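Have a look at the structure below before the remarks.
The values are calculated or read from the model by the stated rules, or taken from the named source; none is laboratory data. Here the structure is a predicted model, which is why all the values come from computation and not from measurement. Please note: Cβ atoms are built from the backbone with ideal geometry, for glycine as well, and neighbour counts cover all protein chains shown. Side chains are part of the model used for accessible areas, which takes the heavy atoms of the whole protein and leaves out ligands, DNA and RNA. Shrake-Rupley method; radii C 1.70, N 1.55, O 1.52, S 1.80 Å.
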Amino acid sequence: DGGITQSPKYLFRKEGQNVTLSCEQNLNHDAMYWYRQDPGQGLRLIYYSQIVNDFQKGDIAEGYSVSREKKESFPLTVTSAQKNPTAFYLCASSMTLNTEAFFGQGTRLTVV
Amino acid sequence: GEDVEQSLFLSVREGDSSVINCTYTDSSSTYLYWYKQEPGAGLQLLTYIFSNMDMKQDQRLTVLLNKKDKHLSLRIADTQTGDSAIYFCAESMRQAGTALIFGKGTTLSVSS
């Protein structure tokens, strides 16, 4: 089955801890993205990557970091510097940048 | 600005038609997309329209594009309770190096 997989579906962390969200795709897509979704805010772009070993900041990159060492994988680290980390995080991929994106099922992060 | 605008809520009765509206920003956008998000899940690509088209029909879905007014609409015929979800429109900017721009989403509520 081709697709994009996010894990885990639910994640709980204590305030002040870094946490890494996983995103893997087997669609052979070059571009990958991380979005954050809050109620009433729609989707906000955190980081995106056009190709392996390259990534760019989106609209709300502060407090987040990413890596793109493999084409299939684009993990997102939520650092302790992120002021309000509790949210629903969505990963997506597309054949190339700016083409239709396919989404994972999301990870709901709760920081207590 | 670079905002894609959508009304936030729409409520219809089962069997009626639903029309979800969107205004976008870039008159040179190449593709415009409609995504559906069910509760707690990722976004599912519903349909898309190329910018040189006025209309596209796919079973119960009709997409209308008015380039002059930069207005996009999604009509769902014979709306069912299973159509209750958040619907996002997104534009693909012609400018290189940008990800899709999403609206904030329209929550469709279908009552029986």
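Quick one: A:A61 ticks every box in (1) under 22 Å from B:A41 (Cβ atoms); (2) at pLDDT 95 or above except a single one, so which number is it?
(1)
Of A:P75, A:P39, which residue is modelled with pLDDT of 95 or more, open to solvent by 20 Å² or more (accessible area, probe 1.4 Å) and within 25 Å of A:Q17 (Cβ to Cβ)?
Numbers: A:P39 fails: modelled with pLDDT of 95 or more.
Sole residue among the options that is modelled with pLDDT of 95 or more, open to solvent by 20 Å² or more (accessible area, probe 1.4 Å) and within 25 Å of A:Q17 (Cβ to Cβ): A:P75.
Among the listed residues A:K14, A:K57, A:K9, identify the single one that is of a type in the set (K, R), out of contact with any helix residue (DSSP H, G or I) (no Cβ under 9 Å at 6 or more places or on another chain) and surrounded by 13 or more Cβ atoms within 10 Å (Cβ to Cβ).
Of A:K14, A:K57, A:K9, the one residue that is of a type in the set (K, R), out of contact with any helix residue (DSSP H, G or I) (no Cβ under 9 Å at 6 or more places or on another chain) and surrounded by 13 or more Cβ atoms within 10 Å (Cβ to Cβ) is A:K57.
If I ask for residues that are in a loop (DSSP other than H, G, I, E, B), open to solvent by 30 Å² or more (accessible area, probe 1.4 Å) and more than 18 Å from B:T25 (Cα to Cα), which ones from the stretch B:50-103 would you list?
Correct list: B:Q59, B:R60, B:D78, B:Q80, B:S84.
Applying the selection to the stretch B:13-50, what residues are farther than 21 Å from A:C91 by Cα and touching a helix residue (DSSP H, G or I) at 6+ places or on another chain (Cβ under 9 Å)?
Answer for the stretch B:13-50, where residues must be farther than 21 Å from A:C91 by Cα and touching a helix residue (DSSP H, G or I) at 6+ places or on another chain (Cβ under 9 Å): B:E14, B:S18.
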